[in-house]
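In what follows, a structure is listed as structure tokens, so that the remarks can point back to it.
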Amino acid sequence: MTQGYLLGIGSNLSPQQNIGAIITLLLNHFSSLALSRVLHIPPVGMNSTHDFLNVVVFIETALNAFELKAICNDIETKLGRDRQDPASKIKDRPADLDILCPINSEEDFLLDANKVTDEYFLYPLLEEICHYLIQKPYSTRQEGVLIEVGSLTFGQSATTINRDASSSDKRIHQ
């Protein structure tokens with residue numbers, strides 16, 4: 001395995017549609033994504049009636065964090081997030097992509113979730129994706145949310161999606 005990053009991804013405006021769009025847009029930049037299941041999570045740290053869908057994604061890439069963040073910001077903007085609004089962190093959002101941590105070795109997948117982020121609602125997703133990537137059993141307590149984008153379906157369990165560069169098709173490998 002080469003280096004990569006764990007991303008925390010969420011949406012609470014048209015979340016099923018937007019999570020699907022985020023994954024599709026990431027596949028335009030990266031040939032393979034490993035995803036945790038998608039969880040339905042109430043908003044934390046903001047006053048909203050719109051619940052989130054959240055997923056943690058591992059992207060294997062040689063990009064630096066600055067280059068990856070530019071891609072993430074571009075996706076957020078394409079899906080309608082106003083990144084210039086100083087209150088955007090506490091407002092409902094169609095897309096939220098955060099770099100959680102770099103991964104430089106398999107040992108990085110063994111970090112405690114609370115050392116990766118203080119966003120405790122992501123802990124089960126972080127644990128799941130890390131167990132999935134090092135092929136260690138993991139028991140889930142909450143059922144994942146099915147996301148469908150054309151013929152692409154994901155969200156109910158950890159999975160890997162590979163883009164077939166020759167046809168732009170996405171293939172799921174569980």
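Each value in this text was obtained by applying a stated rule to the coordinates, not by laboratory testing. Because the structure is a prediction, the values reported are computed rather than measured. Virtual Cβ from ideal backbone geometry, glycine too; neighbours counted across all protein chains shown.
Please identify the GluC sites (Glu not before Pro) of segment 116-150 that satisfy two criteria: DSSP loop assignment and at most 14 other Cβ atoms within 10 Å. Which are they?
Working: sites: E119, E127, E128, E143, E148; in loops: E119, E143.
Listed in order of number, the matching sites are E143.
Among the lysines in the chain, how many pairs, 8 or more places apart or on different chains, have alpha carbons under 25 Å apart?
10
Counting pairs of alpha carbon atoms under 8 Å apart in space and at least six apart in sequence, what relative contact order in percent does the chain give?
On the way: 328 pairs, mean separation 56.5, N = 174.
Relative CO of the chain lands at 32 percent.
Rounded if a/c is under 1.5, else prolate if a/b beats b/c, else oblate: with a ≥ b ≥ c from the C-alpha gyration tensor eigenvalues square-rooted, which is the chain?
On the way: a/c = 1.27, a/b = 1.16, b/c = 1.10.
Verdict is rounded for the chain.
Pick out, from L63, L97, F121, the residue whose Cα sits farthest towards the positive end of the charge dipole of segment 4-173, with +1 on the Cβ of Lys and Arg and -1 on the Cβ of Asp and Glu.
L97
Let me spell out the model: positive unit charges on the Cβ of Lys and Arg, negative unit charges on the Cβ of Asp and Glu, origin at the Cα centre of the chain. What dipole size does that give, in debye rounded to 20? Before the final figure, lay out the partial values.
Numbers: 14 positive and 22 negative charges, 55 e Å.
Using only the charged Cβ atoms, the result is roughly 260 debye.
Using a/c under 1.5 as the rounded threshold, could you call segment 75-173 rounded, prolate or oblate? The axes a ≥ b ≥ c are square roots of the C-alpha gyration tensor eigenvalues, and prolate needs a/b larger than b/c, oblate otherwise.
Values: a/c = 1.65, a/b = 1.09, b/c = 1.52.
Oblate, because a/c is 1.5 or more while a/b does not exceed b/c.
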